[in-house]
Every structure is written in C-alpha cells, then in structure tokens.
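**Student:** This is the structure I have questions about; it appears just below.
Bear in mind these aren't lab numbers, they're just calculated from the coordinates by the rules spelled out. Only a predicted model underlies this, so the values are computations on that prediction, with no experimental measurement involved. With ideal geometry, Cβ positions are generated from the backbone for all residues, glycine too; neighbour counts draw on all protein chains shown.
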Amino acid sequence: MDATTPVRNDPYASLRYPEFKYFLFIRFAVIFALAMQFSIVEWKVYMLTHNPLNLGFIGLAEFLPAFGLALFAGNIVDKKEKRGMVMKCITAYVAIGTGLFLLTWDRMVEGLSPTLTLMAIYFLVCCGGVVRAFTSPSNFSLLALLVPRELYANATTWSTSAWQIGAIAGPALGGLCIAWLGIHWSMLLVIGFMLLALAAIIRIRPKPVYYKEIGETVKQRLTKGLRFVWDTKVLLNAMALDMFAVLFGGSVAMMTIYASDILHVGPAGFGMMRAAPAVGACATLLLLAYRPIVTRPGIKLLAAVFGFGLCIIVFGLSKNFLLSIAALFFSGVLDGVSVIIRQTILQLKTPDDMRGRVSSVSSIFVGSSNELGSFESGLAARIMGPVASVVFGGCMTLGVVVTTYIISPAMRKLELKA
C-alpha cells in the first residue's frame, strides 16, 4: 500500500492510493458489463416468451447457486489471495459473456427451438450465480487491503459510487444498444468491458492473507461468519432490513413489462427506467463523499428505506413515464443512503481474517435478495398482475421498516466510528 498520509475530512482521501483507483475502475467495468448483460438477457427472454414468470426465473437461476455456495465461497476467499480471486472471477465472467454472445447469434442458434435457447440462457445465468458467490466476498476483502482502516467509510462511498455509475450506464446503454445494434452485437460490448477489468486487476499487487488456521472443523469454519453476524445485532438488523426491503420492494423485474405493455416506451425507455434508480443513488453517494453521515445513522437508514417503499408504490401506480422515472430516481436517492450506512457498518465491524465469510453472509441476506426478489415479483405479477404486485411489494417494505424500528433498539442507537 502506498504510504500516502490520509487527510482528515478529505473527500478524496482514499483516491490518493493508486491501487484503489484501479479497484474503482474494476468495480465500474464489471457492474457495467453485468448490468448491461442482465438488461439484454431480460429483453431477450421476454421477447422469446412474453411471460413475466420467465423474467422471474432469470433472478431465480442466479439466486440459487449464489445462495447455496455463499458460505463455502466465503471460506475459500478468506484462505486465498484476494487479488487472484478477483482475477479468476472476471475471467469466468468473460467466458459466460462469450456463451451468451453465441446464444444471441441467429446463425448459431438456427437449429435450436426457443425452449432450448431459453434453457441455455438460464444455464449461463446460473453459472453467473456461481461466480457471483465468489466475486462479492473477494471484492469486499480486497477493498480493505487497499486503504487504511480510518478511510473505510470514504473508500466505501467511492466504491459504491463506482458500482452505481456502472449500474447507471449498463442498463441505459443496454437498452439503447438493443434498439441501435440488436441483442447480439450488444453482448459484444459486455465482453469488451470485462476484458478491460481483467487488464486493470493486473495492475494491483498480490495481497497478504490473514486467515488463521486454529484447528476448527469444516462446519465451524463455514458457519463462523453466520455466528459473527448473529452475535453482532446491529449488523444482523441492517442486513435483514435491506434484505426484506429488496425482496418485497424491488421493481426491476417488472420494468420490462412496464416499458413494453404499460408505459409503451420500448427498449430506449426501458434503459432509462433501469438507469433512473442508479442515477439517484449515484447523486446521493457523491454528495455523501463530501458530507458523510455522522449523526443518528440508524434512524436515517430506517427513514431512507421507508421512503424507498413509498417511491416503489408511486412507480407501481403511475401511468405517466416522467412520473415513473421520477419515482425510480428518488428510490435510488434513498437507496444510496441505505447502501452507504450498511456497507460502512460491515467494513468497520468485520475482523480482517473473516471478511470473506462475513461478506458471504451479507450476500445471502442482501445480494441474493435481488434475484429472489425478481422471482417473487414475477410470481406475484403472474398471480395478481404487475401493477398490484409492485404496489404490494412497496407496502410490505413499509411494514418491514416499522417492525424493525419497534424491535431493534440497537438500530435506533447506531453510531459509526472507525
């Protein structure tokens, strides 16, 4: 690590570490590629089937392996060198992107039925879930090795900002490229950005491994992260709050239906809708780099998630494209507050030798809830219709916030200190 001395209250302090800047580019490039890929896959699947349940199955196909392998992956990541693990994950994403590129090539799938094409897409999405089980703990652990502890909050803000910028550009460009270039050639851009991320990770030096071998059984090693989160109540409450909010309040899976059948704005409008929450979150995250959350972070976290639920209800009821974009934008603004507080808690409370396993538990609570939430949204839309399913999810999010406020005094009294 560079010996640069951090400057107190400097919003750019973590950016003064050269390897952290490479890390930010990797975060941007990977999420840009994955978000664009997910948008393309969603559009392709809906064009093949015109069935909202099939959109839900995309999320389920990624959720199941990511959830099932999370504890195992976290234990492996803690034992291995983190830069090398990130490199292997990106290489795997390149291979998966290449497979999807071939599947969207009419000449390659000419003899395949739509059902076989759909099954092959689900298989590759499932492979992506396997890779993601290792990607999340690897990235989380590597970040902590690139900046000093007193800069974790600042580094988390910039890291999440890079993630959100990628999440903005990926779906937006994905929708535009579908309209301009078609599905097949749009997938080529996904591969290109993954290759750029692979080139950037080479510029980061290998890092030390802090794993402590203390004679634990396999079961003890795999469940240690779970026990730590369970014993750290504020961490448990923050993860659970975000998990249920995303599970019930996520509207991403329904955006294809809203763009195509309700708002009638086509792939370009779909890209704008996918990007709107990330634009809002990015604006919040950049602001928080200058004005970090210091006082009453627990109350602000609860208020942000409550406001997020209200925005989802407005989006679900809206028949006006501009109002829908505004609701999605402000849902991202409030989600940005939630992400920063939760990630800062995670970085500050987690010991170095357990970062992989604790991050894997976080991915079970939070990361996988995105995909499971997509499946829940697709299933609910099939049962009660897309509008009712989105409004129902927003109402459930409000209920989760009220319940957390009542039962969690640790969350109400939360303080963030290095």
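**Student:** With springs only between Cα atoms under 10 Å, which of Ser408, Ser331, Ser362 fluctuates most in a Gaussian network model of the chain?
**Tutor:** Ser408
**Student:** Work out the FRET efficiency for Leu102 and Arg16 from their Cβ-Cβ distance, taking R0 = 41 Å, and round it to the nearest 0.05.
**Tutor:** 0.45
**Student:** Next question. Looking only at Asp261, Asp242, Asp353, which one moves most when the chain is put into a Gaussian network model with springs between Cα atoms under 10 Å?
**Tutor:** Asp261
**Student:** Span-like helices, the chain: DSSP H, alpha-carbon axial extent 27 Å or more, mean Kyte-Doolittle 1.0 or greater, which ones?
**Tutor:** 18-49, 52-79, 82-103, 114-143, 183-201, 266-290, 297-317, 321-349, 386-407
**Student:** Further question on the same structure: Which of the following values of volume of the Cα convex hull per residue in Å³ was calculated from the structure shown: (i) 173; (ii) 128; (iii) 152?
**Tutor:** Matching the structure shown: (ii).
**Student:** Further question: Can you tell me which of 134-144, 303-313 comes out highest on packing, and rank the rest after it, using the mean Cβ neighbours within 10 Å?
**Tutor:** Listed from highest to lowest mean packing, they are 134-144, 303-313.
**Student:** Kirkwood Rh over Cα pairs of the range 1-97 into Stokes-Einstein at 20 °C, 1.002 mPa s: D in µm²/s?
**Tutor:** Numbers: Rh = 16.7 Å.
Taking Rh from Cα pairs, D becomes 128 µm²/s.
**Student:** Mind checking which of Phe321, Phe365, Phe63 has the largest fluctuation in a GNM of the chain, springs on alpha carbons under 10 Å?
**Tutor:** Per the Cα network of the chain with a 10 Å cutoff, Phe321 tops the list.
**Student:** OK, next. Mind ranking 45-56, 200-211 by how tightly packed they are, going by the mean number of other C-beta atoms within 10 angstrom, highest first? Let's see the in-between values first.
**Tutor:** Numbers: 45-56: 17.8, 200-211: 15.2.
Packing order, densest peptide first, comes out as 45-56, 200-211.
**Student:** A follow-up question, please. How would you rank 115-126, 22-33, highest first, on the average number of other Cβ atoms within 10 Å across their residues?
**Tutor:** 22-33, 115-126
**Student:** For the pair Val402/Lys319, report the inter-label distance in nm, with labels modelled 7 Å from Cα in the Cβ direction.
**Tutor:** 2.9 nm
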